[in-house]
1. Consider A58 carefully, then state whether it is touching a residue at least 60 places away in the same chain (Cβ under 8 Å), surrounded by fewer than 18 Cβ atoms within 10 Å (Cβ to Cβ) and of a type in the set (A, V, I, L, M, F, W, C).
2. Suppose the filter is in contact (Cβ under 8 Å) with a residue 12 or more places away in the chain and either of a type in the set (V, I, T) or loosely packed, with under 12 Cβ neighbours inside 10 Å (or both); does P47 pass it?
Amino acid sequence: MADTVTVENLTPVELAARLRAGSVVLVDVREAGEFAAERIAGAVLHPLSSFDPASLPAGDVVFQCGIGRRSLTAIQLAVAAGLPHTAHLAGGLMAWKQAGLPTERG
């Protein structure tokens, strides 16, 4: 299926601009402990281990994980469920932090 999906690989700067504009909903697919330890402000948690595409929020969803692997899996699951969500943060939270962008803890 992956070869039939055109994935939109967003850079941290592109995602930050979309978040500031309020044009996307950031869905973090890491586990609850990872999310509690550190996250991008405004992200909503939907762990991949219990991922249900039907429970995703309305709007233009962008997936995010730690390094970009789990978010690609989330895209595949969403598309398989008939949803149009094909964007993710390339490189995940690691790339976000390497770009010097802020995170929340606790």
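1. Spelling it out, it is not the case that A58 is touching a residue at least 60 places away in the same chain (Cβ under 8 Å), surrounded by fewer than 18 Cβ atoms within 10 Å (Cβ to Cβ) and of a type in the set (A, V, I, L, M, F, W, C).
2. no
Yes/no per residue for (1) in contact with a strand residue (DSSP E or B) (Cβ under 6 Å, 6 or more places away or on another chain); (2) in contact (Cβ under 8 Å) with a residue 40 or more places away in the chain:
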{"residue": "V5", "(1), (2)": "no, yes"}
{"residue": "V13", "(1), (2)": "no, yes"}
{"residue": "A37", "(1), (2)": "no, yes"}
{"residue": "R69", "(1), (2)": "no, no"}
{"residue": "A78", "(1), (2)": "no, no"}
{"residue": "L89", "(1), (2)": "yes, yes"}
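Values in this text are rule-based calculations from the coordinates and carry no lab data. None of these values were measured; they are calculated from a predicted model. Counting neighbours? That spans all protein chains shown, and the Cβs are built from the backbone with ideal geometry, glycine included.
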